[in-house]
Amino acid sequence: MDDDSLEIHWQRVWSKKDPDQVTWYQPDPAVSLELVERADLEPTAGVIDVGAGASLFVDRLLSSGFTDLTVLDVSSRAIGFVKERLGPAAESVTWLCEDITAWIPDRTFRFWHDRAVFHFLTDPVDRALYAAVLYEALEPGGFAAIGTFAPEGPDRCSGLSVVRHDAASLQAEFGPAFELVHEQRETHVSPGGIRQEFAWSLFRRT
Ligand SMILES: C[S@@+](CC[C@H](N)C(=O)[O-])C[C@H]1O[C@@H](n2cnc3c(N)ncnc32)[C@H](O)[C@@H]1O
């Protein structure tokens with residue numbers, strides 16, 4: 001999929017369904033917030049949600065007092081949903097409409113969050129580009145929380161093939177500069193009642 005079709009695909013997805021009707025919708029990003037707790041962040045720590053979609057993660061972090069939040073997605077529609085939902089609070093968030101594999105970060109973050117984005121990278125070149133961006137964007141000692149479909153999870157989502165992962169396959173993708181500090185599984189139940197197995201990994205950048 002080239003860059004244009006990636007954006008067109010996701011703009012179409014986000015124009016067809018309400019944010020609480022997509023299969024990945026979750027009313028409470030509980031595992032993500034648990035991983036933030038594990039990282040023991042200061043409220044001023046820089047946090048980025050990569051491929052954030054219309055996730056409530058940023059809302060919850062704002063409510064918890066985090067002050068340096070960045071939301072990135074290739075779809076301006078997804079970003080628009082979240083901005084509208086947050087109202088005036090959106091002004092304190094940095095919004096980036098970018099393809100993560102082509103993004104050039106101009107700062108570093110303490111915490112990188114990706115739920116259900118990395119698994120869409122079916123081309124090894126794109127996975128290597130993602131790993132390079134992750135390395136550049138994380139400060140030394142910073143954390144990356146990555147949630148993908150697990151090996152026993154779905155092999156497609158949103159009309160696209162995915163590559164399923166666990167902590168070992170992510171470690172192989174990201175390399176020795178990342179140390180695995182925690183892994184766990186989650187069964188996500190979609191709004192339609194479909195069960196999807198996720199694998200979560202928390203890495204620390206050396
Ligand atoms: C399955 S949704 C997950 C959304 C959100 N992380 C969540 O858990 O609710 C995947 C999101 O990643 C975005 N996305 C897909 N590929 C991307 C890429 N290469 N760069 C940035 N965003 C991307 C899509 O627009 C979509 O919002």
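The values are calculated or read from the model by the stated rules, or taken from the named source; none is laboratory data. Computed from a predicted structure; not experimentally measured. Ideal geometry is used to build each Cβ from the backbone, glycine not excepted, and the neighbour counts take in all protein chains shown.
Return only the number of the condition from (1) assigned to a helix (DSSP H, G or I); (2) touching a helix residue (DSSP H, G or I) at 6+ places or on another chain (Cβ under 8 Å) that R38 does not satisfy. Exception for R38: condition (2). Residues being surrounded by fewer than 17 Cβ atoms within 10 Å (Cβ to Cβ) and in a helix (DSSP H, G or I) are entirely absent from segment 99-114. Listed conditions (1) outside any strand (DSSP E or B); (2) surrounded by fewer than 19 Cβ atoms within 10 Å (Cβ to Cβ) are all met by L96, apart from (1). Just one of the listed residues (E91, E42, E34) is within 15 Å of the ligand (Cβ to nearest atom) and farther than 21 Å from F120 by Cα, namely E34. Taken over segment 52-92, the residue count meeting the criterion of being part of a helix (DSSP H, G or I) and buried (at least 21 other Cβ atoms within 10 Å of the Cβ) is 6. Looking only at residues of segment 152-167 that are away from the ligand (no atom under 16 Å from the Cβ) and surrounded by 13 or more Cβ atoms within 10 Å (Cβ to Cβ), we find that the one that is farthest from T206 (Cα to Cα) is D166. Look at (1) within 11 Å of the ligand (Cβ to nearest atom); (2) under 18 Å from F57 (Cα atoms); (3) not β-branched (V, I, T) and you find that E98 fails only one, number (2). Here S15, S5, S32 are screened, and the one residue that is modelled with pLDDT under 95 and in a helix (DSSP H, G or I) is S5.
Does R107 satisfy the condition of being near the ligand (Cβ under 8 Å from one of its atoms) and not hydrophobic (A, V, I, L, M, F, W, C)? It is false that R107 is near the ligand (Cβ under 8 Å from one of its atoms) and not hydrophobic (A, V, I, L, M, F, W, C). Looking across segment 127-145, the residues that are within 23 Å of S55 (Cα to Cα) and either surrounded by fewer than 13 Cβ atoms within 10 Å (Cβ to Cβ) or not aliphatic (A, V, I, L, M) (or both) come down to R127, Y130, G142, F143.
Of all residues in segment 120-160, how many are of a type in the set (S, T, N, Q) and on the phi < 0 side of the Ramachandran plot? Break it down into steps so the answer makes sense when it comes.
First pass over segment 120-160, keeping only residues of a type in the set (S, T, N, Q): 122, 148, 158.
From what is left, the residues that are on the phi < 0 side of the Ramachandran plot are 122, 148.
Adding up the residues that qualify gives 2.
Considering Y130, Y135, the condition of being in contact (Cβ under 8 Å) with a residue 24 or more places away in the chain, within 16 Å of the chain's Cα centre (by Cα) and more than 15 Å from the ligand (Cβ to nearest atom) is satisfied by Y135 alone.
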